[in-house]
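S.K.: Here it is: the structure, laid out below.
The values are calculated or read from the model by the stated rules, or taken from the named source; none is laboratory data. Here the structure is a predicted model, which is why all the values come from computation and not from measurement. No Cβ is skipped: glycine too gets one built from the backbone with ideal geometry, and neighbour counts run over all protein chains shown. All accessible areas refer to the heavy atoms of the entire protein, side chains included, with ligands and DNA or RNA removed. Shrake-Rupley method; radii C 1.70, N 1.55, O 1.52, S 1.80 Å.
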Amino acid sequence: MAEQVARVLRSNAETEKFVAEQRKLMAEQAKLAAEADKLMAERIELATESDKLLRDRALAPVSIGFAGMAAGAAIFGAAAAFMKLLGS
């Protein structure tokens, strides 16, 4: 009888040890999952920033063209006003 009680007590102790180890592992898993989520969010943010930079780089020649056209229009307008002033 005492042998059976000792065996049950050992079994209970092993079970408690196993449960404690499982809880520790679950806490570590939750910590790693939170870190993975954080890294994924950072990766998405960097990818978005990279996409914006690529778009800006692709549109830079277009903006230079628009700036050139605006400067040309300003020069044309100034020349027309000067010609009108001279013609009057």
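S.K.: Could you tell me whether region 37-48 includes any residue that is surrounded by 10 or more Cβ atoms within 10 Å (Cβ to Cβ), at pLDDT 95 or above, among the small types (G, A, S) and over 18 Å from the mean Cα position of the chain (by Cα)?
M.R.: No.
S.K.: Continuing with the same structure: Could you tell me whether L25 is open to solvent by 100 Å² or more (accessible area, probe 1.4 Å), part of a helix (DSSP H, G or I) and not polar (S, T, N, Q)?
M.R.: Values: open to solvent by 100 Å² or more (accessible area, probe 1.4 Å): no; part of a helix (DSSP H, G or I): yes; not polar (S, T, N, Q): yes.
No; evaluated as a whole, the condition is false for this residue.
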